[in-house]
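To start, the structure under review is shown below, and the notes come after it.
The values are calculated or read from the model by the stated rules, or taken from the named source; none is laboratory data. All values derive from a computational prediction rather than experimental measurement. Note that each Cβ is placed from the backbone with ideal geometry, even for glycine, and that neighbours are counted across all protein chains shown.
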Amino acid sequence: MTEFARFFGLSFTALFPVINPIGSALVFLGMVGVTDNGVYKVLARKIAFATALFLLVLDVMGATVLKLFGISLPVVQLAGGLVVAAMGWKLLNQKDAADAHDPAPVLSDTSSLQRKIFYPFTFPLTAGPGVLVVTLTLSAHASRGSLLHIVFAQAGVICGMLLMCVVVFIAYAWAPRITAKVSPSTAHGILRVIAFVLLCIGVQIAWNGFSSLLGKLNLGSG
């Protein structure tokens, strides 16, 4: 049980800053736009489920898949960081969303939102390259030691992931209410700041991957 508690806390605290549910929820709000609150709850539930499934697959099969295709973690960081940076750049330069007093779009637009459940709402908005790297690292640490240790450690990791997905659901489902009392101009300003931070996070992840690859290249040439 000690291993379960340790890896449960480690999993949740390691995933929280890289998923950043509050910041991601505000970006999600900007990507979805003005629509019915019920749509947000449906999307949030599906995104939380997709995120949980994504994390579980990464935990169980992630390292094996990367080895199968010969992909290293630095390459994942570089490519994934560029994707996140591109998404942040797009949000940073998009036109302002419709005013809060404008009528909500027709529900037929929901079909286009449903097609975005996995990409980009789940990956890379919610579970981006940083989450991938953290999850693979947690899985590797939890898979060492005796069989009993592995069972309790993996159970702790999985429970931490599931709790994180519950937090994602709450943040995304109530994203409109988070900004309900904020003026449109302030909301747009906050979204721009978060978009810039997202751009910086993407560049940082990409730089970490590039630095690792450059270090290996220098070692190889030496």
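Observations, loosely collected:
- Test result for L162, assigned to a helix (DSSP H, G or I) and closer than 12 Å to V27 by Cβ: no
- Of all residue pairs spaced 6 or more apart or on separate chains, those with beta-carbon atoms under 7 Å, a first member in the stretch 195-222 that is within 18 Å of Q94 (Cβ to Cβ) and among the hydrophobic types (A, V, I, L, M, F, W, C) and a second member that is modelled with pLDDT of 85 or more and surrounded by fewer than 19 Cβ atoms within 10 Å (Cβ to Cβ) are L199/W89.
- Residue match in the stretch 101-109 (condition: more than 28 Å from I205 (Cβ to Cβ), surrounded by 13 or more Cβ atoms within 10 Å (Cβ to Cβ) and either modelled with pLDDT of 75 or more or acidic (D, E) (or both)): yes
- Check on K46, modelled with pLDDT of 80 or more, within 24 Å of I178 (Cα to Cα), of a type in the set (K, R) and surrounded by fewer than 18 Cβ atoms within 10 Å (Cβ to Cβ): no
Each row is one residue, and each column tells you yes or no for (1) among the polar types (S, T, N, Q); (2) surrounded by 16 or more Cβ atoms within 10 Å (Cβ to Cβ); (3) in contact with a helix residue (DSSP H, G or I) (Cβ under 6 Å, 6 or more places away or on another chain).
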{"position": "F152", "(1), (2), (3)": "no, yes, yes"}
{"position": "I158", "(1), (2), (3)": "no, yes, no"}
{"position": "C165", "(1), (2), (3)": "no, yes, yes"}
{"position": "I194", "(1), (2), (3)": "no, yes, yes"}
{"position": "I205", "(1), (2), (3)": "no, yes, yes"}
{"position": "N208", "(1), (2), (3)": "yes, yes, yes"}
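- Test for F12: is it part of a helix (DSSP H, G or I), touching a Phe, Trp or Tyr at 6+ places or on another chain (Cβ under 9 Å) and of a type in the set (F, W, Y): no
- Test: residue in the stretch 132-145 that is closer than 21 Å to A175 by Cα and not in a helix (DSSP H, G or I): no
- Of all residues in the stretch 167-192, those being of a type in the set (S, T, Y), surrounded by 15 or more Cβ atoms within 10 Å (Cβ to Cβ) and part of a loop (DSSP other than H, G, I, E, B) number 1.
- Tally of residues being at pLDDT 85 or above and either surrounded by fewer than 20 Cβ atoms within 10 Å (Cβ to Cβ) or of a type in the set (K, R) (or both) across the stretch 140-150: 5
- When I201 is tested against (1) surrounded by fewer than 20 Cβ atoms within 10 Å (Cβ to Cβ); (2) hydrophobic (A, V, I, L, M, F, W, C); (3) modelled with pLDDT under 90, exactly one condition is not met: (1).
- The residues of the stretch 152-211 that are of a type in the set (A, V, I, L, M) and more than 30 Å from A79 (Cβ to Cβ), listed by number, are A155, I170, A173, I178, A180, V182, A187.
- Residue list for the stretch 49-73, filter: assigned to a helix (DSSP H, G or I) and at pLDDT below 85: G62, A63, T64, V65, L66, K67, L73
- Summed over the stretch 146-190, the residues that are among the charged types (D, E, K, R) and either on the phi > 0 side of the Ramachandran plot or in contact (Cβ under 8 Å) with a residue 12 or more places away in the chain (or both) give a count of 1.
- You will find that of I71, I22, the residue that is in contact with a helix residue (DSSP H, G or I) (Cβ under 6 Å, 6 or more places away or on another chain) and surrounded by fewer than 18 Cβ atoms within 10 Å (Cβ to Cβ) is I22 and no other.
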